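Here, each number is a calculation from the coordinates, and none is a lab measurement. On a predicted model such as this, the values are computed, not experimentally measured, just so you know. Here Cβ is always computed from backbone atoms with ideal geometry, including for glycine, and neighbour counts include all displayed protein chains.
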Amino acid sequence: MAVAKLEQLAKSVVQGPSMATGAVPVKDWMDVSAIFKPGNYAYQAKQEKVEYLNSQKGLHFPNAREWSPEDEDWKLPENWKEIILKGLKERLEKFRSLKIFMDCCVRCGACADKCHFFLGTGDPKNMPVLRAELLRSIYRNDFTLGGKLLGKMAGGREMTVAVLKEWFMYSYQCTECRRCSVFCPYGIDTAEITIILRELLHLVGVGINWILEPVSNSNRTGNHMGLQPHTFKDNVDFLADDIENLTGVKINHSFNRKGAEVLFITPSADVFAEPGLYTAMGYLMLFEHIGLDYTWSTYASEGGNFGLFTNNETMKKLNGKMYAEAKRLGVKYIIGGECGHMWRVVHQYMDTMNGPADFLEVPKSPMTGTTFHNAASTKMVHISEFTADLIKHGKLNLDKSRNSHVKATFHDSCNPARAMGLIDEPRYILDHVVDGWVEMPENTIREQTFCCGSGTGLNTDEIMELRMRSGLPRANAVKHVIDKHAVNMLSCVCAIDRATLTSLMNYWNPGCDVCGVSELVGNALVMEGENRQELTEGLRTLV
Amino acid sequence: MNLDEAFRNYREKIVDQWVNYTLSTYKSSTFFIKEKDKFANPVGGNIREALDCLFDLLAKNADPQEFVAPLEQIILIRAIQEFTASVAVGPIHAVKHITREILAKDKERCHLVQELYDFEFAVDLAVLAAFDLYMHCRERLYQVRIKEIKTGTYLLTDSKCPSNLLKINIQESIPSNS
């Protein structure tokens, strides 16, 4: 554009980074490399957490140290480059998918504009194709003949510290949501490229605390918060007390009970943090309503598996814990709560890591007789599948009018939608528990759903701006149904969503609350022997 | 030929240039400019929609209160992106220069440039409002952070297990010999 004044207008007069957003006044975007400033990166893992994890059998988290992404020197091991290239070689041999993904991309660009990080930042390195190219360029340079001979001309480049820093920047600006994969004509799972990038970075001690501390807590006490059995029990007991106060129904639940038919596992956030608490109350009420013979576990007290965001060994170990507990208690099968990535791990990786779970039985609903053949190998059934089946067989006494304060829409959480195909069950439940819920625009739901923007361990507050950027596509679609249909509740089936969408709504669409689908089920349940108070806000009513 | 008519004639051209200029502040702006679906392209879609609306308000000397809605649609986005404050709100200003330039190039209408005072004053008011909204958005973001901490999500990393805390307390209460 030839308007002379505009060029001047595009530049800040005041120089130096902005205290507010960490932005540096721009020169030319091509001159900008990965620069770490407060607010644009998640804090590095604490030394003690890395040390602890590295000391655990079967886990490998070397190079524990004090460091900061803002420092020039990241205190990498002397032979860091060798470690990275060897690590990549091993993984190319071990994971055939990685080798294929490295080779088969034709850079058609179908994925480029599908990433919520790209859509929210406009940063080209957030185009999935380019994010993958950050790794692919190294692969070409060191592992292909063309790259070895022609180097840069064949799209290769040498592994340097600057490249490593770029990896750290952009593998933590991806939530492994896999929306881009839906559009890839070759089926490249870009999430797996991010997974490998993060694995490689862990080999030289580069990781973030928001992931490694929950992992270390889960390894130690069984849940992200590091809470011990008595605290976990107390919290579930409190929720049961709350239900009794609100509805007059006494909840009969148990912990670590051997011989129960079902083990119930949900993300610990449902038991400890708002608004997940109300979802957990929904579970308790549902199981009470149908008289399910089930138990909670204070050891397998976490559905979430942040191991998925570190490396496959850690993911395997944390997933294995759920099955070890199911075996110890002698249950027939597992029901899993509303979690996101737990289901990706269970559906896509569990079977080859820890399966098949032959010591368990194929889940069969004791109320309806339905056998969940989809869980024939993992023996773990999703609460929404279980609930939808109960509704279909008329086993639940529901009163929609108890949700009359709610005008809902539904956010497909990435992992259940794209990694396990759980798309219609929550919708079927909503049809039966709320009146007139509405869908968001077609290209933002079901398989094409937009991520909350804070998955894969990025739900930490030091990168709040980044989270708001990457959550913009989701929030934008919610705003549409708020404006058009006066929606006041964003329902979902993921614990990370419940926490992060709440913050997302508080910024983009204040006044819109977030809930789990099971909370709406709990609201609508007409319980036997109830002495219900006037609950104008359902289970959230303060009495 | 009066100014109102000139605005009507050049409306599309001015808004288009304004939108393109605003979107050119993003590192990779081709897609933001090209894709018209607001849900596939939230940044481009919202900025286009809002500037389109804002131009009419500026051109007809509307009550500045009416600027708030379209401005908020833009500033909510730009306040959390990696811009300095001035670059975040700067593009609002751009319509002044674009309009002058376009009118000046039209021989029949170049005299109207002299009559742009009211229009440009309205733009000044919009820029000032944009600064207020920018600060409002930043404040809202800080509140979001505080709320998140209050709901207990922070427990994920900042909590200590009670027995460990007890151990630390005991260690600290033992007087050291040094």
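Mind pulling the per residue volume of the convex hull built on the Cα atoms of the range A:110-189? Å³ is fine.
Numbers: hull volume 7.7 nm³, N = 80.
Per-residue hull volume (Cα only) is 96 Å³.
Express as a percent, rounded to the nearest 5, the fraction of DSSP beta bridges in the range A:213-540 (both residues included) that run antiparallel. Please list the in-between numbers first.
Working: 2 of 21 bridges.
Here the antiparallel bridges make up roughly 10 percent for the range A:213-540.
What is the angle, in °, between the Cα long axis of helix A:312-329 and the longest principal axis of the Cα atoms in chain A? Nearest 10 is fine, range 0 to 90.
10 degrees
Tilt of helix A:424-433 relative to the longest C-alpha principal axis of chain A, in degrees (0 to 90, nearest 10)?
On a 0 to 90 degree scale, this one is about 40.
What is the antiparallel percent of DSSP beta bridges lying wholly in the protein assembly as shown, to the nearest 5? The partial results should precede the final answer.
Details: 3 of 22 bridges.
The antiparallel proportion sits near 15 percent.
Strictly over 28 Å apart at the Cα level, which of A:89/A:327; B:34/B:107; A:49/B:27; A:37/A:75; A:99/A:165 would you flag in this model?
Working: A:89/A:327 37 Å; B:34/B:107 31 Å; A:49/B:27 37 Å; A:37/A:75 18 Å; A:99/A:165 23 Å.
Exceeds cut-off: A:89/A:327; B:34/B:107; A:49/B:27.
What list of ³J(HN,Hα) couplings, whole Hz, do you get for the range B:33-50 from phi and the Karplus terms 6.51, -1.76, 1.60, once you set θ to phi - 60° and write x for glycine and proline?
Result, rounded to whole Hz: 7, 7, 6, 9, 6, 5, 8, 7, 9, x, 5, x, x, 5, 5, 4, 4, 6.
Can you list the residues of the range B:41-69 with backbone N under 19 Å from a point 7 Å past the Cα of residue B:121, pointing along Cα to Cβ?
Counting only backbone N, you get B:55-68.
So what J values fall out for the range A:445-462 if you push phi through Karplus, 6.51 cos²θ - 1.76 cosθ + 1.60 with θ = phi - 60°, rounded to Hz, Gly and Pro as x?
Values, residue by residue: 10, 6, 5, 8, 4, 8, 5, 5, x, 10, x, 6, x, 9, 8, 9, 7, 5 Hz.
Students often forget the sequence filter, so: which lysines lie under 18 Å Cα-Cα from residue B:60 once same-chain residues fewer than 8 apart are removed?
List returned: B:13, B:96.
Compute the helix-to-body angle for A:229-247: its Cα long axis versus the longest principal axis of chain A, expressed 0 to 90° and rounded to tens.
The answer is roughly 50 degrees.
Take residue A:104 and residue A:82, extend 7 Å from each Cα along the Cα→Cβ direction, and tell me the distance between the two endpoints in nm.
Placing both labels 7 Å beyond Cα along the Cβ direction yields 3.5 nm.
Considering Cα pairs under 8 angstrom that are at least six residues apart, work out the relative contact order of the range A:33-207 and quote it in whole percent.
Values: 210 pairs, mean separation 46.0, N = 175.
Dividing the mean separation by the residue count of the range A:33-207 yields 26 percent.
Please list, in order, the residues from the range A:282-297 whose amide nitrogen is less than 18 Å from a point placed 7 Å along the Cα→Cβ vector of residue A:401.
So the set is empty, nothing qualifies.
Label points 7 Å out from Cα along the Cβ direction at residue B:5 and residue A:531: separation in nm?
8.1 nm
Give me the Kirkwood hydrodynamic radius of the protein assembly as shown, using the inverse of the mean 1/r over all pairs of distinct Cα atoms, in Å to one decimal.
For the protein assembly as shown, the Kirkwood estimate is 27.3 Å.
Which of the lysines could be linked to residue A:392 by a straight reach, that is with a Cα gap under 21 Å, when you skip same-chain ones fewer than 8 residues away?
A:364, A:400
Please give me the summed charge of the neighbours of residue A:129: other residues whose Cβ is under 11 Å from its Cβ, Lys and Arg +1, Asp and Glu -1. Before the final figure, lay out each step's value.
Working: positive: A:107, A:114, A:125, A:131, A:136; negative: A:113, A:133.
Taking every other residue near residue A:129 into account, the sum is +3.
Could you give the length gained on full extension between residue A:324 and residue A:92, defined as 0.36 nm per residue of separation minus the Cα-Cα distance, in nm? Before the final figure, lay out each step's value.
Values: separation 232, 0.36 × 232 = 83.52 nm, distance 3.05 nm.
Computed gain between residue A:324 and residue A:92 is 80.5 nm.
If contacts are Cα pairs under 8 angstrom and at least 6 residues apart, what is the relative contact order of chain A in percent?
Working: 984 pairs, mean separation 84.2, N = 543.
Relative contact order here is 16 percent.
Relative contact order for the range B:3-173 using alpha-carbon pairs under 8 Å, separation at least 6, rounded to a whole percent? Please list the in-between numbers first.
Details: 132 pairs, mean separation 38.5, N = 171.
It rounds to 23 percent for the range B:3-173.
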